[in-house]
Every structure is written in C-alpha cells, then in structure tokens.
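Below: the structure, in structure tokens.
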Amino acid sequence: MNPLFKPQPPLNDITKEEIWLKFTQAEQTPRKIGTDYGISLKRVEAILKLKKMEKDMIKKVCLYNNRYTYFIFRNDVKKKKKRLVLKTF
C-alpha cells in the first residue's frame with residue numbers, strides 16, 4: 001500500500017441530499033457543484049445517479065403500499081454485508 005495516498009473522506013447523507021437539491025431545485029450544473037464542494041465531476045455524477053435511483057425506488061414502493069414506508073440498512077453478520085430492509089407500519 002502507498003503510505004502517501006490520502007483518500008477523501010466519504011460524504012455523509014446530508015451533503016449528498018444538498019447536492020441533489022442543488023442539482024434539481026437550484027438547477028446548478030454538476031461541474032459547478034463539484035467545484036463548490038471540492039469533489040470531482042465523476043463523483044458528483046455518481047452521487048446524482050444513486051440519489052435518482054433512491055428517489056425512484058422509494059416512489060415506486062410507496063405507490064404500491066398505502067402504509068407509511070421507510071428504508072433502513074441492516075448488518076447481515078453471516079454474509080458480512082449490509083442489506084437494505086423495507087419497513088412498513
């Protein structure tokens with residue numbers, strides 16, 4: 001491993017949501033958003049793509065379910081992975 005390599009810390013969900021809102025509501029370009037947050041254009045595009053998938057999935061599930069719906073991540077100890085769980089009540 002390279003001891004000089006210092007990766008950027010991951011962005012939290014609040015920052016990702018701010019990026020999504022700037023793109024959709026303020027109609028800023030991904031390049032402008034990237035310069036504002038100091039991240040690459042590819043990273044901004046990936047965040048926007050994943051946020052769109054997340055919004056579409058939530059919209060699709062809520063259309064089929066009349067009850068309140070939300071998503072949580074659960075740790076699957078046996079498979080050593082995180083999995084998305086749909087909770088309704």
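No value in this document is a laboratory result; all are computed from the given coordinates. The structure displayed is predicted, hence computed values, not measured ones.
In this structure the amide hydrogen of residue 28, modeled in the peptide plane, comes within under 5 Å of the amide hydrogens of 23, none closer than 5 places in sequence on its chain.
Report, in listed order, any pair from 32/52; 6/42; 32/59 with a Cα-Cα distance greater than 25 Å.
32/59
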